[in-house]
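Read-outs: derived from the displayed coordinates by stated rules, not from any lab. Just so we're clear, the structure is a prediction, and the values are computed from it rather than from any experiment. Glycine also receives a Cβ, built like all others from the backbone with ideal geometry; neighbour counts cover every protein chain displayed.
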Amino acid sequence: MQTSFEIPVPTSALIVVVVIGVVVALVLAILVLPIYLLKITLSSEEVTVSAPPMYGFSAKRGEVEEVFVADLSSRSDLRPTWRTWGTGLPGYSLGWFKLSNGAKAFCAISSDKAVVFKLKSGAYLIVTPGDVEGFVSTLERLGWSCSR
């Protein structure tokens with residue numbers, strides 16, 4: 001005859017497991033949600049990048065010095081080198097970064113062909129929309145001047 005006895009799990013151990021689970025879920029949400037919720041909104045007066053719940057940036061037309069298309073693989077000066085507040089994954093950069101030219105930039109980058117907004121403050125907004133040509137055409141239709 002065999003008899004089994006259970007070892008009770010202390011409440012404090014359950015609390016620790018639940019807290020760890022919640023922290024892991026929050027970290028994953030902060031990393032993953034912005035990737036799927038990223039949106040670029042254009043108007044004749046403003047460009048806005050929104051990636052809830054953590055990241056967002058907007059620039060008014062009067063704050064923009066120059067808009068141009070750049071190949072980031074050949075423009076090493078525009079390459080993000082140091083993440084100051086954002087998400088950096090292989091092939092994906094979202095948030096605030098320091099560029100190799102020393103300037104700060106808000107980046108939403110997932111490929112090499114980027115639209116770069118150089119601001120009068122010396123900062124940059126760098127985005128890589130899925131349809132760069134359509135994005136540039138929309139910018140031009142809204143009255144923004146963009147060098148290709």
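Name the residue from Ile30, Tyr55, Pro80 whose Cα lies farthest towards the positive end of the charge dipole of the chain, charges +1 on Cβ of Lys and Arg and -1 on Cβ of Asp and Glu.
The Cα lying farthest towards the positive end belongs to Pro80.
Find the relative contact order for the chain and round it to a whole percent, using C-alpha pairs within less than 8 Å whose residues are 6+ positions apart.
18
If we count other beta carbons within 10 Å of each Cβ, what is the order of Thr11, Thr81, Thr87, fewest first?
Least to most surrounded, the residues fall as Thr11, Thr81, Thr87.
What is the magnitude of the charge dipole of the range 34-141 about its Cα centre, with +1 placed on the Cβ of each Lys and Arg, -1 on the Cβ of each Asp and Glu, and no other charges, expressed in debye to the nearest 20?
Roughly 340 debye, rounded to the nearest 20.
Calculate the spin-label point distance for Ser121 paired with Glu140, positioning each point 7 Å from the Cα along the beta-carbon direction, and give it in nanometres.
3.0
For a quick check: sort Val116, Val32, Val64 by the number of other beta carbons within 10 angstrom, fewest at the front.
Placing the least packed residue first, the sequence is Val32, Val64, Val116.
Could you list Ile35, Ile126, Ile109, Ile7 in order of exposure, starting from the residue whose Cβ has the fewest other Cβ atoms within 10 Å?
Listing Ile35, Ile126, Ile109, Ile7 from fewest to most nearby Cβ atoms yields Ile7, Ile35, Ile109, Ile126.
What percent antiparallel are the DSSP beta bridges of the chain, to the nearest 5?
Of all bridge pairs located within the chain, approximately 90 percent are antiparallel.
Where does the charge balance sit around Phe97 when Lys and Arg score +1, Asp and Glu -1, over other residues with C-beta under 12 Å from its C-beta?
Residues close to Phe97 contribute a combined charge of +4.
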